[in-house]
Amino acid sequence: MSNTIQRRAFLAVGAISIPSIALAKGITLNSSAKAASQFEDCMKQAGDHLKTMRGLMRNLEAPGARPDAAFYANQVTILLAQCIEHAEQAPIPERSESKYDGNKEQFANDLRIKLTEAVSASNSLARQILMGNDKEATNLYAALRNVRKEGHDEFEEEH
């Protein structure tokens, strides 16, 4: 079996199984690093991967772009699933304080709801990339970026 076929098979299996495993087991990509906020670390990595994908998504037909984009989409899925696990670590941003009135539990629950939307979009994105549905993949990438923006508008501290 050629390396290209093996790589595609690996990515296809990963697109289907990795998000489920991450959600079911709550795996941690970097378990040795016990930073003050695993939530923030995972969010930063997911954001970095989305930025990396921007160029890949512009031309999925370029050599190696499709499998790389699918890989990064799967990584984003895993990282966002880990954020769900650690949502209670996120502080309530100043602009949302009146909405939550110090109710950290409700804030974390609403954050988890928004994160599950992003996990679903990222997982669908990986699938469409692997299936070769470039138009749908482009739409899902734009939708994922929009979910990110909406989430940051409500759940992230201004920097």
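Coordinate-derived values only; no laboratory data. What you see is a predicted model; the values in this text were computed from it and never measured. Cβ sites come from the backbone with ideal geometry, for glycine too, and all protein chains shown count toward neighbours.
Spin-label model, ASP101/SER37: points 7 Å from Cα along the beta carbon direction are separated by 2.5 nm.
Around the Cα centre of the stretch 36-155, unit charges on the Cβ atoms of Lys, Arg, Asp and Glu (plus for the first two, minus for the last two) sum to a dipole of about 480 debye. Note on ASP41, ASP68: ascending count of other Cβ atoms within 10 Å places them as ASP68, ASP41, the fewest first. Computed from phi, the 3J(HN,Hα) profile of the stretch 135-144 under the Karplus parametrisation 6.51, -1.76, 1.60 (θ = phi - 60°) reads 5, 5, 4, 4, 5, 5, 5, 5, 5, 5 Hz, with x in place of Gly and Pro. Phi angles across the stretch 65-78 convert, under the Karplus curve 6.51 cos²θ - 1.76 cosθ + 1.60 with θ = phi - 60°, into 3J(HN,Hα) values of 5, 4, x, 5, 4, 5, 4, 5, 4, 5, 5, 4, 4, 5 Hz, Gly and Pro given as x. Placing unit charges on the Cβ atoms of the charged side chains and taking the dipole of the stretch 36-155 about its Cα centre, the candidate lying farthest along the positive direction among ALA69, CYS42, GLY132 is GLY132.
Grab the Cα-Cα distance for THR138 and GLU154, subtract it from 0.36 nm times how many residues apart they are, and report the gain in nm with one decimal.
Going from the current span to full extension adds 3.3 nm.
Note on SER37, SER122: ascending count of other Cβ atoms within 10 Å places them as SER37, SER122, the fewest first. Here the simple spin-label model places points 7 Å from the Cα toward Cβ, and for ASN3 and GLU88 these points are separated by 4.6 nm.
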